[in-house]
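The structure appears right after this line, and notes come after that.
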Amino acid sequence: MTADSGFPASVASELTKLSNLTADYRARDAAHHMHPFSDMKALNAEGSRVIVRGEGAWIWDSDGNRILDGMAGLWCVNIGHGRKEIAEAIQRQMAELSYYNAFFKTTHPPAIALAETLARLTPPQFNHVFFVNSGSEANDTVIRMVRHYWATRGKPEKSVLIARHNAYHGSTMGGGSLGGMKPIHEQGGLPIPGIHHIAQPYWFGEGGDTTPEEFGIIAARALETAIEEIGEDKIGAFVAEPIQGAGGVIIPPSTYWPEIARILKDRDILLVADEVITGFGRTGNWFGSETFGIEADLMPIAKGLSSGYLPIGGVMVSDKVADVIIGEGGDFNHGFTYSAHPLAAAAALENLRIIENEKLVERVRDDIGPYLQKKWLALGDHPLVGEARMTGLMGALELVPNKPSRALAFPDTGKVGTIARDFSFRNGLVMRAVRDSLILSPPLTLTHEEADHLIAVASKTLDDTHAEVKRLGLA
Ligand SMILES: *Cc1c(COP(=O)(O)O)cnc(C)c1O
């Protein structure tokens with residue numbers, strides 16, 4: 001920033017201070033901090049954005065820019081940033097008991113209260129929870145619990161878990177294996193044995209000439225085919241997200257989940273609904289399972305459980321599974337030092353109290369959900385958008401070179417998505433790019449005014465991206 005930048009001297013000097021501060025943060029970050037899922041060499045050359053503050057649906061970077069957080073952090077900050085009630089709840093618990101474990105015949109009040117609250121809020125078959133610290137740990141726990149369940153029932157050979165291509169279940173050895181993401185499998189010798197992946201219900205990308213309804217049936221029947229090939233006597237569980245999140249907000253056709261239910265109805269195979277994103281109001285019900293009529297036996301949860309204020313996750317265990325694991329299973333040799341951490345449990349309890357008190361689930365179903373959906377779906381008219389979709393407050397825009405055809409994608413998949421994502425950030429809205437689509441998952445507290453602003457920025461972002469795509473000769 002120079003003296004002739006056009007700003008009054010006092011403002012220019014403030015901006016210079018900020019840009020020096022940002023440069024300092026970036027240099028130290030590049031020197032020592034390895035980011036998740038990042039090419040560090042490329043990132044260090046470009047420089048990270050330094051986020052310094054959050055309030056409601058907004059975040060601020062170290063240059064003083066205010067940005068609308070269209071991803072609720074990483075799909076988790078359901079109640080919005082900076083809630084004092086959570087800080088106070090954590091502080092109260094900290095003063096009482098900051099840590100104790102539940103390994104050796106001990107427990108503590110926040111764990112008890114949170115387990116009881118979750119039994120009340122989750123679908124009726126769930127009355128027990130196994131606490132962990134993340135969605136990845138929840139899915140690792142699922143793998144071990146499914147296999148322990150069948151071993152306890154005298155069928156240890158039912159050890160195969162079926163999941164889907166392009167699913168995301170975390171990035172630990174277990175979660176990364178269960179997930180169907182090639183870039184994850186390519187590193188570290190994944191997947192572990194006993195995981196089988198089938199087709200995903202991604203009509204826009206893979207549905208060819210079928211209707212969405214036809215494709216929902218076809219994709220579901222991939223499960224039936226896999227069961228017939230592998231053998232029901234070898235399969236322990238089918239694991240799926242109600243809506244694939246990280247895979248690109250893939251909302252299954254209406255026929256998909258009913259067909260899955262039909263296939264599993266007379267078969268002795270557990271159903272696991274990974275609700276790490278779709279839980280806690282995201283789809284307009286407490287759980288995505290309710291939105292899609294899924295009756296799961298196990299349900300991994302995390303993210304919105306604490307709105308990200310502290311790390312905590314869990315696996316909800318149905319009575320059917322709990323009767324075996326608790327009733328006959330003996331020791332379950334699994335757990336984490338911080339399972340049911342009292343501070344994280346206190347944060348989660350307060351978060352759930354806020355979601356209930358402020359009726360955020362009803363708000364997504366009846367108010368802000370329909371309000372934003374209407375405007376979001378209208379973005380589908382933009383010449384760059386092949387499909388706009390949204391359920392609850394989870395949406396995607398598929399960018400295509402040759403509207404209305406879905407058949408042709410941009411060359412060099414991901415390039416246009418990244419261009420759009422970067423425009424969006426610069427325009428003041430965090431969206432995420434998955435392949436050549438833009439993903440949205442804002443806080444459930446989003447106001448109508450913020451929704452209007454979000455749509456205006458998204459619309460400008462599409463225009464900017466469209467101009468750039470033309471300039472590059474990609475459309
Ligand atoms: C984020 C996510 C996970 C992994 O959660 P972490 O807390 O990052 O380990 C698992 N499943 C789904 C569906 C997710 O979106």
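The table for this structure:
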| read-out | value |
| --- | --- |
| Under 14 Å from the Cα of residue 234 - aspartates and glutamates, other chains or at least 8 residues apart | 157, 224, 268 |
| Residue pairs, from the table 155/265; 265/320; 374/470; 182/415; 359/460, whose Cα atoms sit over 26 Å apart | 374/470; 359/460 |
| Partner aspartates and glutamates for residue 84 [C-alpha distance under 13 Å; skip if fewer than 8 residues away on the same chain] | 55, 350 |
| Size of electric dipole in the chain: Cβ of Lys, Arg +1 and of Asp, Glu -1, about Cα centre, debye, nearest 20 | 540 |
| Environment charge at residue 23 (Cβ cut-off 12 Å; Lys +1, Arg +1, Asp -1, Glu -1) | 0 |
| Inter-probe distance in nm under a simple model that places probes 7 Å from Cα toward Cβ, at residue 187 and residue 452 | 4.4 |
| Inter-label distance, nm, simple model (7 Å from Cα along the C-beta direction), residue 96/residue 151 | 3.7 |
| Leading residue at positive end of dipole, the chain (Cβ point charges), from 378, 425, 166 | 425 |
| Exposure rank, largest accessible area first [158, 320; 1.4 Å] | 320, 158 |
| Amide H partners (placed H, <5 Å) of residue 128, local residues excluded | 317 |
| The stretch 84-357 - percent relative contact order, Cα under 8 Å, separation 6 or more | 28 |
| The chain - percent relative contact order, Cα under 8 Å, separation 6 or more | 18 |
| Helical mean residue ellipticity (222 nm; -39500 (n - 2.57) per DSSP H run of 4+; nearest 500) of the chain | -13500 deg cm²/dmol |
| Pairwise FRET efficiency - residue 88 versus residue 459, Cβ, R0 = 45 Å, nearest 0.05 | 0.70 |
| For the chain: accessible area per residue (Å², 1.4 Å) | 44 |
| Calculated FRET efficiency for the pair residue 367/residue 472, C-beta based, R₀ 51 Å, to 0.05 | 0.80 |
| Loop-resident sites, the stretch 90-149, for trypsin sites (Lys or Arg not before Pro), counting at most 16 other Cβ within 10 Å (DSSP) | 105 |
| Theoretical FRET efficiency, 1/(1+(r/R0)^6), r = Cβ-Cβ of residue 412 and residue 10, R0 35 Å, to 0.05 | 0.15 |
| Straight-distance crosslink candidates among lysines, where the alpha carbon sits under 27 Å from residue 17 and sequence neighbours closer than 8 are dropped | 41 |
| Gyration tensor verdict on the chain (Cα atoms; rounded if a/c is under 1.5, prolate if a/b is larger than b/c, oblate otherwise) | oblate |
| Axial C-alpha extent at least 20 Å, average Kyte-Doolittle at least 0.5 - helices from the chain (DSSP) | 342-357 |
| Cleavage-rule hits (GluC sites (Glu not before Pro)) in the stretch 89-160: DSSP loop, at most 13 neighbouring Cβ within 10 angstrom | 157 |
| Antiparallel bridges, percent of DSSP beta bridges restricted to the stretch 84-357 (to nearest 5) | 50 |
| Pair residue 267, residue 320: separation of 7 Å Cα→Cβ label points (nm) | 1.3 |
| 13 Å beta-carbon shell around residue 175, net charge (K/R +1, D/E -1) | -3 |
| Apportionment of accessible area to carbon and sulfur, the chain, percent (1.4 Å) | 54 |
| Accessible area of residue 100 in the full protein assembly, 1.4 Å probe (Å², nearest 10) | 100 |
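The values are calculated or read from the model by the stated rules, or taken from the named source; none is laboratory data. These figures come from a predicted structure and were not determined experimentally. Heads up, the Cβs are rebuilt from the backbone with ideal geometry, glycines too, and the neighbour counts pull from every protein chain shown. Each accessible area value is taken on the protein alone, full model and side chains, heavy atoms only, with ligands, DNA and RNA left out. Shrake-Rupley method; radii C 1.70, N 1.55, O 1.52, S 1.80 Å.
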